[in-house]
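J.: Handing you a structure now.
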Amino acid sequence: MKKITLPFIIVIIPLLLTSCDPSLLGGILGNLFNNMAVAGSYYLANDNKILLLDVLEDGSAECETREYQNGSWNSSYSYYEYTIKDSVVTIESNNDTFIAKYKLADNSLLLTIEERTHIFTRYEDASIIEGIQNEIESLTPPMADVEIIPSYSIEFLNSVLFAAYSNLVSFEYYQLLLEKIRLTGCDYYGSSHKITSNSYYIKKCWNDAYNIIKPLNEYIIATIENSHLYKDSEYREILHEAYVIQSFVYYNAALLWDKIPYYNNKEQSILSKYEIMDCIKYRLEEVLESETLRGNSYYRFDHNAAQILLAEINQTLYGYGDIENHTAEFSLSVDKEIYPEVYQYYGSELPIYTATKNSLIQQENQISNEELYAQWQTIELPSYGYWAMLLRTGLAQEVAGCEEWELIMPYPYDAILNNYNLTQHPGYEY
């Protein structure tokens, strides 16, 4: 596939905005419905550029690229035509034709191409764009050839967090599904499955994990960390919430695959689960010490949830994790329209931490494995935290009835093709 440039990308993404299958409405009517859904104005701010896209219901789109150089703004324009069919959008210009898929979360539009995720925001008030221009101007020294700190508004960064929580529902669902298949050989509906490197569930869980990790790293962590933005309390709170979300994903992905890619700003390295946990442990301690997480809603990580996650990590690393507030609870909100399969099994909430689970984590080294295992059986499975407990206590192989090498999941076939630093775990065939 040809490499898609940024102007093409910003046109493609909004055009993909719809969760409705056109085939349900039929032919022209279905396509018209999709066109109406994507019509609107969108922006993407990237370094000293702002991309503005206007999408019309008639299948046409105009993209203005504003670039700030040498103390002034310059604009260029591109024009496109698009068609939508079966959640796939075809974009045509005078020079080329492109096909892409999308993901929608609230007013954020996400597109992942060649492992890179781009996030765009719908807007109605032009003053938002004026504010972004002013911020870029204030951060750009005139006539200076220096690296410019990307300019992202608080509103935009919050949309990145919202998209991460939405993806977290899918990641957690498929994580629990993989653990259930390893334990029982069956999915939620009783159908038999075998876990291989070509398994759709393996690929989906892996992709969901890095569709959370990468945008948080690129748009929030690499932007705010070690920059003047860190001094701003609003930006610092967003950074710390990103730390907690990313740490939760890293921790659980490391339990599944043992060694995974870890991102530190723009650098990537393959770390073992214990190395990963060491890194995220210090981030969580920074968050808890600063007490920045106020808990904007029941469905977002707050101070208590971060403290329980740190306790889990300490339990894995050292065999002891202290939970100060045993009754604290945290769940992920499940949107029925976006995740109908998750909603069908879990309902409107996917529980992560409950008073019962918190107590079991705290008691892990205070009661016998037999008693601990019996208490976990009183919680409906698959349940978050159960597989981690089995791994920590050495009960996983016995309970799952599997080989030792099967306690680690295979890397997706595509992940190995795209990352030469990953080597498939012994026991799994390509």
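Nothing in this text is a laboratory measurement; each read-out follows from the coordinates by a stated rule. Since this is a predicted model, take the numbers as computed values, not measurements. Positions of Cβ are generated from backbone atoms using ideal geometry, with glycine treated the same way; all protein chains shown enter the neighbour counts.
J.: So for region 156-418, averaging the separation of alpha carbon pairs under 8 Å that are six or more residues apart and normalising by length, what relative contact order in percent results?
T.: Normalised by residue count, the contact order of region 156-418 is 21 percent.
J.: Another question about this same structure. Roughly how far apart, in whole Å, are the Cα centres of region 248-293 and region 309-349?
T.: Using only Cα atoms to place each centre, the spacing works out to 17 Å.
J.: Separate question: Obtain the nm distance between the two label points defined at residue 72 and residue 189 by a simple spin-label model: each point lies 7 Å from its Cα along the Cα-to-C-beta direction.
T.: 6.2 nm
J.: What order do you get for 425, 228 when you list them from fewest to most C-beta neighbours inside 10 Å?
T.: Values: 425 17, 228 10.
Ascending number of Cβ neighbours within 10 Å: 228, 425.
J.: Cα-Cα over 27 Å: which of 214/259; 49/266; 85/194?
T.: Violating the 27 Å limit, Cα to Cα: 85/194.
J.: Which residues among region 200-231 fall inside the zone where the amide N is under 19 Å from a point 7 Å beyond the Cα of residue 135, along Cα→Cβ?
T.: 215-231
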